1. At 222 nm, what helix-only mean residue ellipticity would the chain give, in deg cm²/dmol to the nearest 500, using -39500 (n - 2.57) for each DSSP H run of four or more?
2. Which of K22/K223; K105/K237; K96/K179; K56/K138; K223/K261; K56/K96 have a Cα-Cα distance over 31 Å?
3. Peptides 144-152, 200-208: what's the order by average Cβ count within 10 Å, highest mean first?
4. So, for the chain, what is the accessible surface per residue at a probe of 1.4 Å, expressed in square angstrom?
5. Where the only charges are on Cβ atoms (+1 Lys, Arg; -1 Asp, Glu), what is the dipole of the chain about its Cα centre, to the nearest 20 debye?
6. Which FRET efficiency value, to the nearest 0.05, is calculated for K105 and E61 with the Förster distance at 22 angstrom and r the Cβ-Cβ distance?
7. How large is the Kirkwood hydrodynamic radius of the chain, in angstrom, based on all distinct alpha carbon pairs?
8. Ignoring ligands, DNA and RNA, please state the percent of accessible area on region 136-240 from carbon and sulfur, probe 1.4 Å.
Amino acid sequence: MSKKHPSTQTVIGIDIGGTGIKGGIVDLGSGEMLGERYRIDTPQPSTPQAVAKVVKEIVDELMTRQHAPDDDAPVGITFPAIISHGIARSAANVDKSWIDADVDKIFTQELGRDVQVMNDADAAGLAEARYGAGKGVKGTVLVITLGTGIGSAFIHDGKLIPNVELGHLEIDGFDAESKASASARERDGLSWAEYAVRLQRYFSHVEFLFSPELFIIGGGISKRSEDYLPALSLRTKIIPAELANNAGIVGGALQAAVHFKLTK
């Protein structure tokens, strides 16, 4: 029998990364996490079978909690890959056996319930647009995550345009993320001022291509935004993300709820 929690509509979100898999229960009304995240190290090797078992373990734990959704509620899952119709077309920081795997089918079978799978950067962007720094902004919002690479999410009037890989734009003969990611700053020993020069080149190019209403900067480096954002000169407003490390979980849960018509 399904459990009912009429006062709060909740969905489980799972965020799969190269080092950890974490999940939480998301309040769809506020975008807040109810209770603590539950995290397990990503298995090595991170094959489909091994990862699916960890995801099930996390979902099973979350379903024992007070604010757990209905027993047959869908689960939103973010994955570090290009996801096209539920199929992984790349594999960033997970085992290469995921490439061309039916991610949707693998998790649906393991969990015994509906799932919605999406790219991890897309999930973070969707969460920021609905509940975070981009809430209420019309037009194009670009969420750019600066980390090991450069992740991106393209939101227009609150709707996600999936799998936009703006970290792989070619700028000055280089893959953009090879010069402007947070890891590139560390690798090349750049000061914040030197790093801002590279970010200026990158964001000026993206601004020219898309003329967004807003840039939102995510990734761990967003916590140091005061060290580089003031040095950038753009027409477009640029601000740090608000949801931090919970953005993937929240966005994954939201996308599942929208896809299965639990919310708009």
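1. Numbers: 7 runs with 79 residues, N = 264.
My calculation for the chain gives -9000 deg cm²/dmol from helical runs alone.
2. K105/K237; K56/K138; K223/K261
3. Per-residue Cβ counts within 10 Å, averaged per peptide and sorted highest first, yield 144-152, 200-208.
4. It amounts to 46 Å² per residue over the chain.
5. Dipole of the chain, to the nearest 20 debye: 440 debye.
6. After rounding, the FRET efficiency stands at 0.40.
7. About 18.7 Å, per the Kirkwood formula over Cα pairs.
8. 53 percent
The values are calculated or read from the model by the stated rules, or taken from the named source; none is laboratory data. These numbers come from a predicted model, not from an experiment. Cβ atoms come from the backbone with ideal geometry, glycine included; neighbour counts cover every protein chain shown. Areas reflect the complete protein model, heavy atoms only, side chains present, ligands, DNA and RNA absent. Shrake-Rupley method; radii C 1.70, N 1.55, O 1.52, S 1.80 Å.
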